[in-house]
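A.B. asks: Structure in structure tokens, see below.
Every number in this text was worked out from the coordinates using simple rules, so none of it is lab data. Just so it is clear, the structure is predicted and the values come from calculations on it, not from any experiment. Every residue, glycine as well, gets a Cβ built from its backbone with ideal geometry; the counts of neighbours run over all protein chains shown.
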Amino acid sequence: MRLSHWLNVPLLIGLVLSGMSIYWAAPVFQHQADPRTGLFDPLADVGVWLCAHVPGMHGYASPPDWVYNHLSLGPGLLGPALRIHWLCAYLFMLNGLVYAVGSVAGGGYRSLLPRTTDIRDALSMLRFYVGIPFAKLTRRPWPHPQFDTKYNALQRAAYFSVPLIAFLSVVTGWALHKPVQLHWLVALFGGYDTARILHFSLMCAYAPFLIPHLVLVLAAGWDTLRSMIVGWSAETPEAKE
Amino acid sequence: MKATDDDPAQAQRTDVPGVASLFRERPLEQLELPSRLVRRSSRRAVLLYGAGAASLVGAGSLLPPATLGGLGLSTNADRTRREWLLNQALRLDDDIAEALYSRDRMVPTYDKAQITPLKNNYNGATPDPSYIAEWSLLLDGLVSGVSLSLNIQSLLARFAVHEQITRLVCVEGWSAIAWWSGLRFGDLLSAYPPVSQAKWARIESSVNLDSAGNRDPYFMSLDLATAGHQQTLLATHFNGRPLTVEHGAPLRLVAPMKLGLKNVKAITRISYTAEEPADYWANRGYSRYDGI
């Protein structure tokens, strides 16, 4: 299970980078050509804007390609991008299967299921997070709410919805990949172009999870990060550095 | 966290049978670990391991390439292995696409009201229409052992014309719904049967140009299982009118169960083969089956 979690890191990086190179080729997201610049790709616009407004980026050689040069394999690489996307996608699906089987066999799914007390608990967690900076500034003690479950309500909501997002990413991906043989799947997602937009939006939906996930794991300290790798967390006084 | 066997409340809760117990969280397990293990995985220790590994890699990469090759750390081999892995994934994906395909499963069709514009997607330059006047289709790899040359009039006179409104899907991610008419590839296969061992058709357009306007013949492999599908057309008409040069006059392939790049325009030759023929885009790192 833990291995399956960490495998997601290289797989998702591969999927996102190659996915952005596939996006580069897809006109579904494009708008009417800008009369001044002749550009029709929203991400090219982003690159141009960044290079015009961010200090230190004014000299960039090809502003429309900035996003693709930094957040994808690069522009004009559809062929290699597709191969990497398929490789990572098959491994990602296999990994998802391992995760699903593992969480059922090991009973880990129990910690992720939503509970009736979740809304109240989530609000108390939110209040805790919002209050941290003020408590630090005023040097007041700010205790973490106590729960008798493995995860708090916010964690549970996140860890429950991310596998769901992953599942939907895979299914919309299949709708795009085999729109003729799996045409009922395309219809389910409201059409071929809509399925592509959904697939892209689902990728964006990882970000609101990933950023707090990384910040909080680092903030929680070494014992938590180690527990994500080895599977146990220490309670002995000598482990508390 | 502390779940002990002599806690009666705990024991009662875990003993409840039935559906509810499927959803209830179990108490965390208490492990006894030797303090040695905890000390070895302290943050300071792991940072030291990391620094050690990084300096080994850093020093190792300074070694001459010949030495690295001798140690089995050659970067060329890595590249070959990576290529191999990527190609395996592509083959697996093609095999899955082939397993999904069925000759009996119909491709979705649309109404005339759903037709969308179809752009001229000649990869390079559009050929000069002068080829159309002297166009003929060369057929070889036939059971008769002779090559045949057919012109458009004889094709239209001999075969029934079918029409369909299907979606053409491009590898780039766009698609267009278009109204095609023409003869069924399957009818051509029955009228001029290929050699018995043939499993493939190599479909070529010798009039294709590259982006600089030079001759760049376009060739593509098509499995005969797909060629025989009743919605695989050798189209002569687009949206009710004879094909224009942009859309592959006078004869083009319409195989809506394949990506657009398999739908060869201005076909000049069809050869039947036992071995899988080369494919323009597969040579450039794309899939060779392209089933959608």
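A.B. asks: Students often forget the sequence filter, so: which aspartates and glutamates lie under 15 Å Cα-Cα from B:Lys119 once same-chain residues fewer than 8 apart are removed?
C.D. replies: Qualifying aspartates and glutamates at Cα under 15 Å: B:Glu172, B:Glu246.
A.B. asks: Taking every alpha carbon pair in chain B, what does the distance histogram look like in 10 angstrom bins from 0, in percent?
C.D. replies: Bins of 10 Å from zero give 5, 20, 22, 12, 9, 11, 11, 7, 2, 0 percent of pairs.
A.B. asks: Distance from the Cα centre of the range A:29-52 to that of the range B:99-134, in angstrom?
C.D. replies: About 30 Å separates the Cα centre of the range A:29-52 from the one of the range B:99-134.
A.B. asks: Also, quick follow-up: Counting only helical runs of four or more DSSP H residues, what would the 222 nm mean residue ellipticity of chain B come to if each run contributes -39,500 (n - 2.57) and the total is spread over all its residues? Could you put the intermediate results ahead of the total?
C.D. replies: Details: 9 runs with 85 residues, N = 292.
Rounded to the nearest 500, it is -8500 deg cm²/dmol.
A.B. asks: While we're looking at this one, here's another question. Based on DSSP H runs of at least 4 residues, each adding -39500 (n - 2.57), what is the mean residue ellipticity at 222 nm of chain A after dividing by all its residues, to the nearest 500 deg cm²/dmol?
C.D. replies: Using -39500 (n - 2.57) per qualifying helix, the result is -22500 deg cm²/dmol.
A.B. asks: Run the dipole for the protein assembly as shown about the Cα centre, Lys and Arg Cβ at +1, Asp and Glu Cβ at -1, nothing else charged, and hand back the magnitude in debye, nearest 20.
C.D. replies: 1060
A.B. asks: Give me the dipole magnitude in Debye, nearest 20, for the range B:101-284 about the Cα centre, with unit charges on the beta carbon: positive for Lys and Arg, negative for Asp and Glu.
C.D. replies: Dipole size: approximately 340 debye.
A.B. asks: What is the set of long-range amide H partners of B:Lys258 at a cut-off below 5 Å, with H atoms built 1.01 Å from backbone N?
C.D. replies: Here B:Ile292 satisfy the definition.
A.B. asks: Which listed residue (A:His177, A:Met125, A:Trp142) has the Cα farthest towards the positive end of the charge dipole for the range A:100-204, taking +1 on Lys and Arg C-beta and -1 on Asp and Glu C-beta about the Cα centre?
C.D. replies: A:Trp142
A.B. asks: Other chains' Cβ within 10 Å of B:100-108 residues: what's the mean?
C.D. replies: Counting Cβ atoms of other protein chains within 10 Å of each residue's Cβ and averaging gives 3.
A.B. asks: I've got another one for you. State to the nearest 20 debye the size of the charge dipole of chain A about its Cα centre, where the only charges are +1 on K and R beta carbons and -1 on D and E beta carbons.
C.D. replies: The dipole of chain A has a size of about 540 debye.
A.B. asks: Please compute, for peptide B:242-248, the average count of beta-carbon atoms on other protein chains lying within 10 Å of each residue's beta-carbon.
C.D. replies: Per residue, the number of nearby Cβ atoms from other chains is 0 on average.
A.B. asks: So, one more: In nm, to one decimal, how far is the A:Val98 label point from the B:Thr126 one, both placed 7 Å along Cα→Cβ?
C.D. replies: About 5.2 nm, to one decimal.
A.B. asks: Something else now. Quick one: order A:His177, A:His53 by neighbouring beta-carbon count within 10 Å, fewest to most.
C.D. replies: Going from least to most buried by this count: A:His53, A:His177.
A.B. asks: Tell me, what is the FRET efficiency for B:Ala225 and A:Arg140 to the nearest 0.05, using R0 = 60 angstrom and their Cβ-Cβ distance as r?
C.D. replies: The pair B:Ala225/A:Arg140 has a calculated efficiency of 0.25.
A.B. asks: Sticking with this one: What's the exposure ranking of B:Asp223, A:Asp41, going from fewest to most Cβ atoms within 10 Å?
C.D. replies: B:Asp223, A:Asp41
A.B. asks: For each of A:Trp184, B:Trp179, count neighbouring Cβ atoms within 10 Å of the residue's Cβ, then give the residues from fewest to most.
C.D. replies: Listing A:Trp184, B:Trp179 from fewest to most nearby Cβ atoms yields A:Trp184, B:Trp179.
A.B. asks: Which one of A:Gln155, A:Ile197, A:Ile84 has its Cα pushed farthest toward the positive end of the charge dipole of the protein assembly as shown, where Lys and Arg give +1 and Asp and Glu give -1 at the Cβ?
C.D. replies: A:Gln155
A.B. asks: Turning to a different aspect of this structure: On a C-alpha basis, how far is the centre of the range A:68-88 from the centre of the range B:209-263 in Å? Whole number, if you could?
C.D. replies: Answer, in whole Å: 27.
A.B. asks: Right, here's the next one. Across peptide A:179-185, what mean number of C-beta atoms from other chains lies inside 10 Å of a residue's C-beta?
C.D. replies: 6
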